[in-house]
1. Only four residue types carry charge here, +1 at the Cβ of Lys and Arg and -1 at the Cβ of Asp and Glu. Report the dipole size of the range 91-165 about the Cα centre in Debye, rounded to the nearest 20.
2. Where a Cα-Cα gap under 14 Å defines reach, which aspartates and glutamates qualify for LYS162, not counting those fewer than 8 residues away within the same chain?
3. Going down the table (LYS103/LYS154; LYS27/LYS91; LYS91/LYS154; LYS27/LYS145), which pairs top 22 Å between alpha carbons?
4. Which label marks the calculated value of Rg and Dmax of the Cα atoms in Å, given the options [x] 21.9, 82; [y] 15.7, 54; [z] 15.0, 45?
5. Could you give the length gained on full extension between ARG81 and TRP93, defined as 0.36 nm per residue of separation minus the Cα-Cα distance, in nm?
6. In debye, nearest 20: dipole of the range 54-142 around its Cα centre with unit charges on the Cβ of K, R (+) and D, E (-)?
7. Relative to the Cα centre, what is the charge dipole magnitude of the chain, using +1 at the beta carbon of each Lys and Arg, -1 at the beta carbon of each Asp and Glu, and rounding to the nearest 20 debye?
8. Near GLN102, within a Cβ-to-Cβ distance under 11 Å, what is the net charge of the other residues, with Lys and Arg +1 and Asp and Glu -1?
Amino acid sequence: GSALMMDAKQLPYRDCAGIVLINADRKVLAGTRAGFPEAWQMPQGGIDAGEEPAEAALRELEEETGTSSARIIGEAAEWVRYDLPNEMIGKIWQGRYRGQRQKWFALRFLGTDDEINPAGVAHPEFDGWQWVSYWYPVSQIVGFKKNVYAKALKELAPSLNKCMN
């Protein structure tokens, strides 16, 4: 009820780096979360204390996909944030955060598809992946993250021009 609402507003946001990985065909990498085959999302992960957001983006890319063959070609100017739905607040991140504050980056993929192996990493978060059209993730992401995805992709869209073959 309202007590939970009050508590949630006291909680901080978790700082996170989001990754729009773009290949030579100007497609972006999206994966299905382990255990949620219908939930597509792009790679992302928490920023460690003292870590630069750009460093976190590159580290998370490798931790989640198995590849580090990428370079940053765009950075969203603004942090974007989302709040978790109330019923999820206690279940995610040990209930310590109300949502995420995300810094999004566009990365140009420089490797080959056989380097991408989300199932082969130490702590798999994705159980499937594919290259999808640039705007596709906005239509597929869970509802409470839609605005974040739309903002990030809109701001990073000029990076597509740096990915022509």
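The values are calculated or read from the model by the stated rules, or taken from the named source; none is laboratory data. Since this is a predicted model, take the numbers as computed values, not measurements. Every residue, glycine as well, gets a Cβ built from its backbone with ideal geometry; the counts of neighbours run over all protein chains shown. Keep in mind that these areas ignore ligands, DNA and RNA; they rest on the heavy atoms of the full protein, side chains included. Shrake-Rupley method; radii C 1.70, N 1.55, O 1.52, S 1.80 Å.
1. Details: 11 positive and 6 negative charges, 148 e Å.
The calculated dipole for the range 91-165 is roughly 720 debye.
2. Reachable aspartates and glutamates: ASP25, GLU75.
3. Working: LYS103/LYS154 14 Å; LYS27/LYS91 33 Å; LYS91/LYS154 31 Å; LYS27/LYS145 20 Å.
Check vs 22 Å cut-off fails for LYS27/LYS91; LYS91/LYS154.
4. [y]
5. Working: separation 12, 0.36 × 12 = 4.32 nm, distance 1.58 nm.
Result: 2.7 nm gained on full extension.
6. Working: 9 positive and 14 negative charges, 95 e Å.
That gives a dipole near 460 debye.
7. Values: 19 positive and 22 negative charges, 139 e Å.
For this selection, approximately 660 debye.
8. Values: positive: ARG14, ARG81, ARG101, LYS103, LYS145, LYS151; negative: ASP15, GLU78.
It works out to a net charge of +4.
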